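Worksheet for the structure shown next.
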Protein chains: 2
Amino acid sequence: MQQISVITLGVRDLARSKRFYVEGFGWKPVFENNEIVFYQMNGLMLGTWLEDKLKADARRAELKRPGAFSLAHNVPTREGVAPLLERLTQFGGTLLKAPEAPPHGGFSGYLADPDDHAWEIAWNPAWKIDAEGRVHFGL
Amino acid sequence: MQQISVITLGVRDLARSKRFYVEGFGWKPVFENNEIVFYQMNGLMLGTWLEDKLKADARRAELKRPGAFSLAHNVPTREGVAPLLERLTQFGGTLLKAPEAPPHGGFSGYLADPDDHAWEIAWNPAWKIDAEGRVHFGL
């Protein structure tokens, strides 16, 4: 099955990370303890885990930043992109790219979370997103 | 909405990456061109994009490996973990951690994809996964 159950982000300060995700995005944790916070997403979990724990669990000698990846969060309208980017910069995010219209359509910008993980905030009219936030390629 | 629409992984060789995801995992692309391959996942997209393109799009000066993150793929049974890890190492993956039973339950191991992105292959009886592969915290 084509399935991703969890995205785990290494974080250095759980409170700082929570401020970005809880106060910035407005998301609620579904579980948290003193080393990890889980958020219930659209059919998968987002985990923010103390980086040393993730490193030990995955048997990595080191973890570097910024990593060669990005996450994307879609908003329902073009007009919703800039205000969310602006809001997230007020809760620990760092703007990477002001929103613009890319060649392939839509409207999007990028910012880094407090642990330097990239998020694209996008309006993408070419993809169907259902009421539960689940994305399907095409319309 | 608590929503992740895309996980984009930076890759250096699309054919090498496709071998791992298509032949190893057995996943089918829903879209591909000469710089990106998209896979339709459980309510979100997995994109594998030439790293220089991702770097330019996100306005990053550099991208490093391995990044401080991990993805997880769940399998339905404990017995399914080891064979999938073994299979993926035959298609360009590198084992990071042989499967074991972690303190919080279940059974899992880690490997790196050909671009050094970490995947945990896990059996987790504590989380409900529906027929479409969507994960819900708790049972």
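The values are calculated or read from the model by the stated rules, or taken from the named source; none is laboratory data. Not measured: the values here are computed from a predicted model. Cβ: placed from backbone, ideal geometry, glycine included. Neighbour counts: every protein chain shown. Keep in mind that these areas ignore ligands, DNA and RNA; they rest on the heavy atoms of the full protein, side chains included. Shrake-Rupley method; radii C 1.70, N 1.55, O 1.52, S 1.80 Å.
Summing Lys, Arg as +1 and Asp, Glu as -1, what charge do residues with Cβ under 10 Å from the Cβ of residue A:107 carry, residue A:107 excluded?
With Lys, Arg at +1 and Asp, Glu at -1, the net is -1.
Counting only Cβ atoms, what residue of chain A lies nearest to the axis that sends chain A onto chain B, and how many whole Å off?
Nearest to the symmetry axis by Cβ: A:67, 1.
Which percent of the accessible heavy-atom area of the protein assembly as shown goes to carbon and sulfur, probe 1.4 angstrom?
53 percent
Before I look further, what does region B:48-131 give for accessible area per residue, probe 1.4 Å, in whole square angstrom?
On the way: 3580 Å² over 84 residues.
About 43 Å² of surface per residue is accessible.
Relative contact order, percent, of chain A when contacts are C-alpha pairs under 8 Å separated by at least 6 residues?
The value is 22 percent.
Under the convention of a label 7 Å out along Cα→Cβ, give the distances in nm from residue B:61 to the same position in every other copy, shortest first.
From this label point to the equivalent ones elsewhere in the assembly: 2.6 nm.
Could you sort the residues of region A:93-117 by number and keep only those whose accessible area is reduced by 40 Å² or more in the all-protein-chain setting relative to the chain alone, 1.4 Å probe?
A:96, A:97, A:110
Amide H to amide H under 5 Å from residue B:96: which residues, 5+ apart in sequence or cross-chain, H placed 1.01 Å off N in plane?
When sequence neighbours closer than 5 places are left aside, the close amide H contacts are B:110, B:111, B:112.
With solvent modelled as a 1.4 Å probe, how much accessible area in total do chains B and A shield from it at their shared surface, in Å² to the nearest 100?
The B and A chains share an interface burying roughly 5600 Å².
Between the DSSP loop rule and a limit of at most 15 other Cβ atoms within 10 Å, which trypsin sites (Lys or Arg not before Pro) in region B:1-77 are left?
B:12, B:59
So which residues of region B:40-69 lose at least 40 Å² of accessible area, probe 1.4 Å, when you go from the chain by itself to every protein chain present?
Relative to the lone chain, where solvent access is computed with a 1.4 Å probe, region B:40-69 loses at least 40 Å² at B:40, B:42, B:43, B:45, B:57, B:58, B:59, B:60, B:64, B:66, B:68, B:69.
Quote the relative contact order of region B:1-68 in percent (integer), defining contacts as alpha-carbon pairs under 8 Å separated by 6+ residues.
Rounded, it is 35 percent for region B:1-68.
If we hang a label 7 Å off Cα along the beta carbon direction at residue B:101, how far is it from the matching labels on the other copies, in nm, shortest first?
5.9
Quick one: how many Å² of residue A:110 are accessible to a 1.4 Å probe, rounded to 10?
Roll a 1.4 Å probe over it and residue A:110 shows about 0 Å².
Classify the protein assembly as shown as rounded, prolate or oblate, taking a ≥ b ≥ c as the square roots of the eigenvalues of its Cα gyration tensor: rounded when a/c is under 1.5, otherwise prolate if a/b is larger than b/c and oblate if not. Can you show the working numbers first?
Numbers: a/c = 1.42, a/b = 1.23, b/c = 1.15.
Rounded, since a/c falls under 1.5.
Using the crude model of +1 on Lys and Arg Cβ and -1 on Asp and Glu Cβ, and no other charge, please compute the dipole size for the protein assembly as shown relative to its Cα centre, in debye to 20.
Dipole about the Cα centre, nearest 20: 100 debye.
Name the residues of region B:1-22 whose accessible area, probed at 1.4 Å, falls by at least 40 Å² once all protein chains are in place instead of their chain on its own?
Buried on complex formation: B:1, B:2, B:3, B:4, B:5, B:6, B:7.
Which value, in debye to the nearest 20, gives the size of the charge dipole of region A:33-77 about its Cα centre, when Lys and Arg are +1 and Asp and Glu are -1 at the Cβ?
Working: 6 positive and 5 negative charges, 32 e Å.
In debye, rounded to 20, region A:33-77 gives about 160.
Tabulate in residue order the Karplus-calculated ³J(HN,Hα) for region B:32-48, using 6.51 cos²θ - 1.76 cosθ + 1.60 with θ = phi - 60°, rounded to whole Hz; enter x for Gly and Pro.
My calculation for region B:32-48 gives 7, 9, 7, 9, 9, 10, 10, 10, 7, 9, 6, x, 8, 10, 9, x, 10 Hz in order.
Run through the other copies and list how far each one's label point is from that of residue A:90, in nm with one decimal, shortest first; the point sits 7 Å from Cα along Cα-Cβ.
So the distances to the same position in the other copies read 5.5 nm.
Using each residue's phi in region B:15-20, evaluate 6.51 cos²θ - 1.76 cosθ + 1.60 at θ = phi - 60° and report the 3J(HN,Hα) Karplus result to the nearest Hz, with x for Gly and Pro.
Karplus-based 3J(HN,Hα) across region B:15-20 equals 5, 5, 5, 4, 4, 5 Hz.
Mean residue ellipticity at 222 nm from the helices of chain A, using -39,500 (n - 2.57) per DSSP H segment of n ≥ 4 over the full residue count, to the nearest 500 deg cm²/dmol?
Helix-only estimate at 222 nm: -4000 deg cm²/dmol.
Place a +1 charge on the Cβ of each Lys and Arg in chain B and a -1 charge on the Cβ of each Asp and Glu, then give the dipole magnitude about the Cα centre in debye, rounded to the nearest 20.
For this selection, approximately 140 debye.
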